[in-house]
Amino acid sequence: MWQRLHPNIRMRIVTSFLSRMVGGAVFPFLAIYFTTQLGAALAGLLLALLVGVQFLAGLYGGALADAWGRRRTLLAGEALKVAAFTGMLLANLDGPHPWWTFAAVCLVNVASGLINPAAEAMLMDVSTPESRTFMYAVNYWAVNASLLIGTLLGGWLYGDHFTLLLALLVGMSLVTFALVWKGMSETRAGKSSKAVRQELGWRPLARSYARVFRDRAFALFTLAGIAVLSIEFGRSNFVAVHLAQDFPAQLLAGVSLDGVRVLSLLTGLNTLMIVLLTAPVTAWVDRWNKRPYSTHRLMFLGFALFATGFALLAAGNSLSVLLIGTLVLSLGELLYVPTRQALLADLIPENQRGAYLAVNGQIFTLAKWVAALGVPLGALIGGVGMAALTVLLGLLGIWLSRLALSTGRPSGVPQVGTV
């Protein structure tokens, strides 16, 4: 099945794996870096600004991918990453220089804003409805495997070998730029320079995204994604606080476990299950998908299991309950992620894939903001209340998705079908 995928798909999965593997060893630790150098308050402000930079760059990058071409936009983003990572390395060769580092990380986020919607649009351009579930499952496996390796690598090297990690980032960015240059073909012909400049002005951009937001089916599907992702991001908000405060310290095989260590253990177990079970679950999904509307049902089942698992994490404080919850949510994640991506591709019109995917990419930012409310809300309603709210968010995701997949489509956008 892998060999039957378009070369662009195979190359994108490989380059994404390589860049995330090394990036995962650096970027999760930037909060520590900026806090150590500038203090917690200023570090929090800078990290919030970085989210805003990527938000705006992503919107611009989606329109650029539609007007200028997918490969061109990808190459521009990869070239900018090479320059930004080189800047990060130079800024820290003779000791930490946090402001120069922050400027370089801003450029990295701009580059990501260009790369992500262009790459996602290219995957949709060259895939078929029959191959998309498999494609997204393999891509999701690669993302989790690379982050697992990167996190372990960063944990060992960040403290004493930070410049070595930055040098690895520069080297890997050069490799991914070369792979994109040699191994990817254009899937959408770019327009003339004059036409591109006209389409990328503020008013044309606003009109383009206004059309996206008027697409009721896509808007409902996006809201459903925010509801479900806010459950996941609760792991680093309410669930983290709950376990740190309420999990009773205990010994397991001679190792002392507190709430923080248990959270790390559960996160590692979740990632390991995704890496190990993607292939067998994907094979089962492919057989199941031959039935009418099976993709819809598998996604809904995934939402339900995902919410149930996180509800157990929000309310439980025994290791056995927490492990069961992690197993359940991992199975739900394996079911809903590739099926949701495949259904999303069916909802998006071909001529505006970049713009639509740029908007869809912002669900992560919005879901993080929703999840952040869980900390003060959890203090008011407790773990059982948060567990109930988690289940309600899962049900909301199912309901909104059903509405999206059964609603009428705007003119020129294909009908997905009813549920």
Subject >> Selected residue (only one of Gly354, Gly412, Gly408 is at pLDDT below 85, closer than 30 Å to Thr73 by Cα and open to solvent by 20 Å² or more (accessible area, probe 1.4 Å)) >> reply: Gly412
Original post:
Only one of these conditions is not met by Gly113: (1) closer than 23 Å to Gln37 by Cα; (2) under 18 Å from the mean Cα position of the chain (by Cα); (3) of a type outside the set (A, V, I, L, M, F, W, C). Which number is it?
Top reply: (1)
**OP:** Please go through segment 322-336 and pick out each residue that is open to solvent by 40 Å² or more (accessible area, probe 1.4 Å) and in contact (Cβ under 8 Å) with a residue 24 or more places away in the chain.
**Re:** Leu323, Leu327, Leu331
Original post:
Restricting attention to segment 222-261, and to residues there that are surrounded by 15 or more Cβ atoms within 10 Å (Cβ to Cβ) and touching an Asp or Glu at 6+ places or on another chain (Cβ under 9 Å), which single residue is modelled with the highest pLDDT?
Top reply: Glu232
Subject >> Close pairs (9 angstrom Cβ cut-off, 6 or more residues apart or separate chains): outside any strand (DSSP E or B) in segment 253-264, exposed (fewer than 13 other Cβ atoms within 10 Å of the Cβ) and not acidic (Asp, Glu) anywhere >> reply: Asp258/Pro248; Asp258/Ala249; Asp258/Gln250; Gly259/Gln245; Gly259/Pro248; Gly259/Ala249; Arg261/Val255
**OP:** Confirm whether Leu343 is assigned to a helix (DSSP H, G or I), closer than 30 Å to Thr73 by Cβ and under 18 Å from the mean Cα position of the chain (by Cα).
**Re:** yes
**OP:** Mind telling me which of the residues Thr295, Thr339 ends up being among the hydroxyl-bearing types (Ser, Thr, Tyr), open to solvent by 10 Å² or more (accessible area, probe 1.4 Å) and in contact with a helix residue (DSSP H, G or I) (Cβ under 7 Å, 6 or more places away or on another chain)?
**Re:** Thr295
**OP:** Taking Asp286 as the residue in question, decide whether it is of a type outside the set (Phe, Trp, Tyr) and modelled with pLDDT under 80.
**Re:** yes
Original post:
Taking interchain pairs and intrachain pairs at least six residues apart, which have beta carbon atoms under 6 angstrom, with the first residue in segment 80-107 and within 22 Å of Ala178 (Cα to Cα) and the second of a type in the set (S, T, N, Q)?
Top reply: Lys81/Ser173; Val82/Ser173; Phe85/Ser173; Met88/Thr101
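Check Leu168, Leu179, Leu157 and return the single one that is more than 13 Å from Arg10 (Cα to Cα) and open to solvent by 40 Å² or more (accessible area, probe 1.4 Å).
Step by step, each of Leu168, Leu179, Leu157 is checked, and only Leu168 is more than 13 Å from Arg10 (Cα to Cα) and open to solvent by 40 Å² or more (accessible area, probe 1.4 Å).
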**OP:** Give the number of residues within segment 205-221 that are open to solvent by less than 30 Å² (accessible area, probe 1.4 Å) and either charged (D, E, K, R) or not in a helix (DSSP H, G or I) (or both).
**Re:** 1
Subject >> Residue pairs meeting the criteria (Cβ under 9 Å; at least 6 apart or on separate chains; first closer than 16 Å to Gly316 by Cβ, in segment 380-398; second among the polar types (S, T, N, Q)) >> reply: Gly383/Asn317; Thr390/Thr308; Val391/Thr308
Original post:
Among Gly259, Gly302, which is small (Gly, Ala, Ser), touching a helix residue (DSSP H, G or I) at 6+ places or on another chain (Cβ under 9 Å) and closer than 24 Å to Ala142 by Cα?
Top reply: Gly302
Original post:
So which of Phe85, Phe55, Phe27 is at pLDDT 85 or above, under 23 Å from the mean Cα position of the chain (by Cα) and of a type in the set (Phe, Trp, Tyr)?
Top reply: Phe85
Original post:
Would you pick out the residues in segment 1-26 that are without any contact (Cβ under 8 Å) to a residue 60 or more places away in the chain and assigned to a helix (DSSP H, G or I)?
Top reply: Arg10
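The values are calculated or read from the model by the stated rules, or taken from the named source; none is laboratory data. If you're wondering where the values come from, they're calculated on a predicted model, not measured in any experiment. Virtual Cβ from ideal backbone geometry, glycine too; neighbours counted across all protein chains shown. The protein model used for the area step is the full one, side chains on, heavy atoms only, and it has no ligands, DNA or RNA in it. Shrake-Rupley method; radii C 1.70, N 1.55, O 1.52, S 1.80 Å.
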